[in-house]
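Visitor: Pasting a structure here, questions to come.
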Amino acid sequence: MGRRLWIALIVGGVSGMGLGASLRLPEAVAQRTPDGVQWDYKVGVFYYNPGERLTDERRAAVIERELNEQARQGWETVGTVLTRDTVQTVSGAITTRDSTSFVAYRRRR
């Protein structure tokens, strides 16, 4: 009976090692475009402070101007990389809030 237990443990251990080796996490690999194009990247910053007293339409116009300017220079918006919200209270009386968004752009080399 003890011998069967040892055999079962050995078989189970070998099977477990084989299973563990086959369950590796996928490896991250850089993607290439079909035509081999490489990209240059840069990051732009957008700020939002409610104290500026801009309407949503005016703020949208400012952002649109910046995006169009980047497009004229050949930069394509990829997406937001990071958004940071900051809340500060000064002397317990004045609270300021602002947001900063970092936007990634790319263009062909």
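Laboratory data are not the source of any read-out in this text; all were calculated from the coordinates shown. Remember, it's a predicted structure, so these values are computed and weren't measured experimentally. So basically every Cβ, Gly included, is an ideal-geometry build from the backbone, and we count neighbours across all protein chains shown.
Visitor: First measure r as the distance between the Cβ atoms of S91 and D40, then evaluate 1/(1 + (r/R0)^6) with R0 = 41 Å and state the FRET efficiency to the nearest 0.05.
Guide: On the way: r = 46 Å, r/R0 = 1.12.
The pair S91/D40 has a calculated efficiency of 0.35.
Visitor: List the residues, sorted by chain then number, that are 5 or more residues from E76 or on another chain and whose placed amide H is less than 5 Å from its amide H.
Guide: Those qualifying (amide H under 5 Å, at least 5 residues apart or on another chain) are R106, R107.
Visitor: Taking amide H atoms as placed 1.01 Å from N in the peptide plane, list the residues 5 or more away in sequence, or in a different chain, whose amide H sits under 5 Å from that of V103.
Guide: It is G44, V45, F46, V81, by chain and number.
Visitor: Over all distinct alpha-carbon pairs, what is the Kirkwood Rh of the stretch 38-109 in angstrom? Mind showing how you got there, number by number?
Guide: Values: mean 1/r = 0.0720 Å⁻¹.
After inverting the mean inverse Cα-Cα distance, the result is 13.9 Å.
Visitor: Placing +1 on the Cβ of each Lys and Arg and -1 on the Cβ of each Asp and Glu in the stretch 38-109, which of V87, I63, Y41 has its Cα farthest towards the positive end of the resulting dipole?
Guide: Positive-most Cα among the choices belongs to Y41.
Visitor: Using the Cα centre as the reference, give the magnitude of the dipole from point charges on the C-beta atoms of the stretch 38-109 (Lys, Arg: +1; Asp, Glu: -1; all else neutral), rounded to the nearest 20 debye.
Guide: On the way: 12 positive and 10 negative charges, 63 e Å.
Computed charge dipole of the stretch 38-109: roughly 300 debye.
Visitor: Can you give the % of DSSP beta bridges in the stretch 38-109 that are antiparallel, to the nearest 5? Mind dumping the intermediate values first?
Guide: Numbers: 23 of 23 bridges.
Counting DSSP beta bridges with both partners in the stretch 38-109, the antiparallel share is about 100 percent.
Visitor: Just to verify a number: FRET efficiency for L54 and R108, C-beta to C-beta distance, R0 = 41 Å, to 0.05? Don't skip to the end; give the middle numbers.
Guide: On the way: r = 34 Å, r/R0 = 0.83.
The calculated FRET efficiency here is 0.75.
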